[in-house]
1. Where residues in the range 271-297 are in contact with a helix residue (DSSP H, G or I) (Cβ under 9 Å, 6 or more places away or on another chain) and assigned to a strand (DSSP E or B), which of them is surrounded by the fewest Cβ atoms within 10 Å (Cβ to Cβ)?
2. Out of the residues in the range 102-121 meeting the condition of being under 24 Å from the mean Cα position of the chain (by Cα) and either modelled with pLDDT under 95 or among the hydrophobic types (A, V, I, L, M, F, W, C) (or both), tell me which one is farthest from GLY154 (Cα to Cα).
3. What is the residue count in the range 308-336 for residues that are assigned to a strand (DSSP E or B) and surrounded by fewer than 20 Cβ atoms within 10 Å (Cβ to Cβ)?
4. Quick one: would you say LEU122 is of a type in the set (A, V, I, L, M) and within 14 Å of the ligand (Cβ to nearest atom)?
5. Every residue in the range 344-367 that is in contact (Cβ under 8 Å) with a residue 40 or more places away in the chain and surrounded by fewer than 15 Cβ atoms within 10 Å (Cβ to Cβ), please.
6. Kindly indicate the residue of the range 128-157 that is out of contact with any Pro (no Cβ under 6 Å at 6 or more places or on another chain) and part of a helix (DSSP H, G or I) and also nearest to the ligand (Cβ to nearest atom) among those meeting that condition.
7. Can you tell me which residue in the range 243-270 is farthest from the ligand (Cβ to nearest atom), limited to those that are under 18 Å from HIS178 (Cα atoms) and in a strand (DSSP E or B)?
Amino acid sequence: MDRPVADSLINELAEQYGTPLYIYNANIIGERIADLRRFDVIRYAEKANANLSLLNWIRDQGVTIDTVSVWEIERALKAGYTASEIVFTADLFDHHISKFLREYHVHVNLGSPDMLEQYTQLKTGREVTLRINPGFGHGHDRKVNTGGEESKHGIWHESLPAVLKRAGKLGLKVTGIHMHIGSGSDFTHLSRVREAISKAAFMAKEHLTTISVGGGLPVPYRPDEKPFDVAHYCADWLATKKTIEAELGKSINMEVEPGRYLVAECGLLVCEVRGIKSSGAVNYILVDAGFDNLIRPAMYGAYHHITIPGRASAGIKPQVVAGPLCESADVFTQTKGGYIEPRPLPETQAGDLLCIHNAGAYTASMASNYNSRPLAAEVLVENGAARLVRQRQSLEDMLSNEIDYLQANSR
Ligand SMILES: *Cc1c(COP(=O)(O)O)cnc(C)c1O
């Protein structure tokens, strides 16, 4: 698997900003955006990677945004998005978002029936879209399956007629139908959404202007995985759009809502090997990044490809890559259930850089301060030129909102 930026640049940036370090190549995001241009609207799911400069860059490409918290909305506004470019998708209104919506108008995509009355009470708008749970879902892991009875997401498909009536009584116009069945899904499941969305669109036809097909498009995480057949995906959805338009006798806007697909492949998590050791039969490579920087292996048993620049094929042997955190789950080579999975990697030594691939999505955005480690720095590269887009967090940043009880009481 190719590294998304040149090795010389990786070395230079690691030297300049230290490790662990996230590096993103904007040009790769640009290619993924281009893959989806046949949709009328590309709406980026901010939660995949919410870095301010990255959002700003994505917005510059004419991509709108889907947000799932009030803070994501405010971050998008800070990145230059206008309120009309933002959609808020949720299964409930918490008090923070309710207060915000009373003052500012942002389009909402409702995932639960009770939100209808609550939305009317906010007096912020009259048009809403509905997120429908089509009765099935699929993701790369059970934890990211967002459809079916066991998913908390969306309005159950069988409730749609009643919900449409309820909306009508409240004077709300349902202008769109949305379905998002899971993250990192596959072609078969994403195709099943086409029929479900058509059915729902026919029911909601009166004020319908938009369908959103959701995100969930997968990316290849393993070097032998085939890329997603995105041309086929677009063609299928265009055909579905035509069918819906013919049935309704009007044109509609078709939105796609990718997170992972746009940003996963552009990113690298660069860390440094700090030592090697063997515990019985298991060989460990110890690096200075942990699941505070990338939680997907610990959380989902997710595979992330690992390469060691400058040590391409010498002395390959099965090795486990582990981080500095005080927890056994702090391993980048593990399967679902937390079983370590030694991986054939070149022999390495302290001081080598180690790259963890596909670290652009659900990586920095899921990072934490566990073990009081600071959030790592982020660099955005465009046409080979690198810019620091987030400084490494300082201890002072980390403590800035904590209260020292003793000091507070001695005043
Ligand atoms: C997370 C999410 C997405 C994006 O999912 P990906 O698998 O990253 O494409 C899209 N829409 C909604 C509502 C989401 O919550």
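The values are calculated or read from the model by the stated rules, or taken from the named source; none is laboratory data. Remember, it's a predicted structure, so these values are computed and weren't measured experimentally. Every residue, glycine among them, receives a Cβ derived from its backbone with ideal geometry; neighbour counts consider all protein chains shown.
1. Applying the filter and picking the extreme gives GLU272.
2. In this case the residue turns out to be VAL106.
3. Residues meeting the conditions: 4.
4. When the stated conditions are applied, LEU122 does not pass them.
5. Correct list: GLN349, ALA350, GLY351.
6. Among residues in the range 128-157 that are out of contact with any Pro (no Cβ under 6 Å at 6 or more places or on another chain) and part of a helix (DSSP H, G or I), the one nearest to the ligand (Cβ to nearest atom) is VAL144.
7. Taking the candidates together, the pick is ASN253.
Conditions tested, residue by residue: (1) surrounded by fewer than 17 Cβ atoms within 10 Å (Cβ to Cβ); (2) in a helix (DSSP H, G or I).
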| residue | (1), (2) |
| --- | --- |
| ILE177 | no, no |
| ARG194 | no, yes |
| ALA201 | no, yes |
| PRO223 | yes, no |
